[in-house]
Each structure stands twice: as C-alpha cells, then as structure tokens.
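Take a look at the structure set out below.
Please treat every number below as a calculation from the coordinates, not as lab data. Computed from a predicted structure; not experimentally measured. Here the Cβ is made from the backbone with ideal geometry for all residues, glycine too, and neighbour counts use every protein chain on show.
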Amino acid sequence: MIDKKKSFIGKQKQMMLWIGALVVGTLLGLLQQGWLNDIMTFVATVYTRLFQLVAVPAIVLAVITTLAMFGMQKDTGRIFKHAVFYTLLTTIFAAAVGLILYLIIRPGNLPAGLVNSGTSVIPQNLGNQTYYDHILQVIPNNVVKPFLEGNVLSLLLLAFAIGIGLAKLPESENKATLVKGIEGLQSLLFLLIKGLIWTLPLGIIAFSAQLSAQVYAGVAAESLGKYVMVILGGNVIQFFIILPLFLLARGINPLKHLGKMMPAVLMALFTKSSAATLPVTMETAESRAHISKKVSRFVLPICTTINMNGCAAFILVTSLFVMQNGGISLSIGHMILWLFIAVIAAVGNAGVPMGCYFLTLSLMTGQGAPIGIMGIILPIYTIIDMIETAENVWSDSCVAAMTDKDVNLVIPNEIGTEVLVK
C-alpha cells in the first residue's frame, strides 16, 4: 500500500514537472530571441533523433519477442482480432466525424490564382509519387534497407516473419539462446528508454519553445478558415468525445486513462511522429496505465502503423476539399466511398511526420485534382500534424486498454495456479 502511494506521488510530481517545462518552454519561445530559438531547435532535434533511434528496434523487438513467446496461440490470435476490430472501428468513426463536419460547415472554393500559386510550394519528388508506389515500397527487397529508412510497415513485416518463424522452430538449446538474447536486448532497450524519459523535461522545454516561436511568428496565421475548422473540430470531437465513449463502453474511466497516458500524448504532440513516440507510449502504458506487457508490446507497435484516426479524417476532408475545388462533383455516395478509401489509406500509412500529407498528395495526383491546394495547406500542416499525431497515440492507448480489458489474460504462475496478468 505504501509502495503504491509513493508511486502515485512520484507520478504526480513527474506530471507537474512536465507541465512546468511546457509553460517555461512556451514563455521562452515568446521572447523571440534568435540565438535562443536556435538552441531550442537544436535540443528538440536531438530529442527527436534519439527517440527515432530507439523507436525502430523497439517496434521490431516487441513484435518478435511477443510472437516468439506465444506464437500463433489462441491468446495471440484473440489479441490481434480485438486490436484490429477497435482500430478499424475508431478510424471509421474519425473519418465519419470529419465528413459530417464537412457537410455542416461546407468550406467554399479558393480563388484559382491562389490554387495555382500553391503548386510551386509542393516538393517535386512528392508530386510524382503515386499511392501504388507507396504500397510497393512497403515490400522490402533486403533486410537492411527498412532499418536505414525507418519504414515501419516493412519492419513490421520482417518482425512478424521472424517472430512467427521463431515460434514454429522446434524447441532446442539454440532456439532458447536466441530468444533469451532478443529478450535481453529488449530489456536493455527499455532501460535506455527510461533514461530518455527521465530527461524529457528538457526536451519538452525545447519542443514547446520551438512551437510557440513559430506560432508567434505567424506560421499558423495563414489558415484556410472553414477547412481548418473541419480538420481541427473533427480531431477535438474524436479525442474528447468519441474515444472516451469507447472507453466508457468497456468500463474504463477515460479521464484516469488520459491522465496516465499524458506523457505519451505530449510527446506525440511535439515529435509529430507516432513511431518516434512508441517507446514512450509502451513504457507509459505498462508503468502508468498498467496494461499487460503481452498486450502492450504486441498491440502498440501494430497500432502505431495501422491505427491512424487523425490521418483518416485529414485524408478524407482534404481530398474532398481538393476535389471540390477541382470542379469534381461530390455526391453523398461519392463522399462515403472516399470515407472508406481514406480509412484504407490511413491504415497503410507509416507513423512518420507528414505521412498523411504525403498520402493525400499521392491520392490527389492520381485523381488529377488541383494539387496546388496542398501547397497552400503546407504552411499550416505543422500544427495539424501535431494535433493528429497526439490523437493517434491517444487512440493507440485506447485500443490497447480496451483489448487488455476484453482479453482478460490469464497465465499459470510458478506454483501451478492461474493469475490475471496486469
């Protein structure tokens, strides 16, 4: 009882420290000192790179160890089914909320001259890539390339193949040694992650200073009015209403769960990458939200890739907005079709910064729509990407929590009785 009380007090102090760092960073950014902004940008970049460094092995090792230990047994299959079910359901809801808001707010068309001027802003190498190219790049043609590029989907494919292969190998001393070695690497990795999280307040100061400096300088001032209202409104509704309702339906207190997962949500907000945030998400889910390791280390890496609530809404609303400006007729049936296209595209998106932007641009290029609008959106996409990523990670944790609640895992302990894993 005393240990639990100390743990609770420690977590509260940690949260207050992070909030304090957020306030300090915001104030530093508002000072608009060039040398200070450069330092904050440098520190923020260092933290982003460090978390990206541990994110790649965290994804691979988590999936491999889970599958190697439990193989394709009944529990593993149940976990996977529940995770996919909640992922698709929440993603469809997110896209549907975006569609409803689009129909209510009805963003108007932009002037043709403005659309044409936006074309020059789009990086040329993005405009030439189709969605089919994106899918093809998921299939690795060598083992090293996915690690070098940080291609999350390719890494998941490799991790699944290796994990299932280890599970199917006959029991032997070589297999046991290999599995223990992989588990040892994972333990070392999580120790490094804990060290990074311990120093995170410094990173939060840098991230928040960088953001407030950009906003104060007018980066977010060129908003597209109603379009931005639809995007941000959909994210807010999904974050604070839809996902909490899902949790309540499974008997989980959404306020308590959000409080426990706040470190991961804040990290996602600033890094704009659910893949880079994964180490923090896993550590927070296990140590603070008390989600079983068997669920968190299997579900969260998968959700990082396929559970993209914010991305689905962005792809749908932006695609409708771009096609509308291109004079393409949009009936209700056409919009619903694009809702499912957006969900499928979001599921195939990699959890990297600007991933949703790249996907939407690819889809619109294939439709022959006026992609100059994507250039107009680009200056404000930083803010949109931050909010979407925070929503994605919050949704990942919700899927993991609901899956953990549903599966209700039971394993035998050392004396032969059965205990609930939490």
Quick check on the exposure proxy: order Ile204, Ile100 from fewest to most C-beta atoms within 10 angstrom.
Ile100, Ile204
Spatial separation of Cα centroids for the range 254-292 and the range 28-55, in angstrom
21
Distance violations [Cα-Cα > 27 Å] among Lys81/Lys145; Lys180/Lys294; Lys81/Lys194; Lys168/Lys293:
Lys81/Lys145; Lys81/Lys194
Sort out for me the Cα centre separation of the range 297-334 from the range 178-212, rounded to whole Å.
31
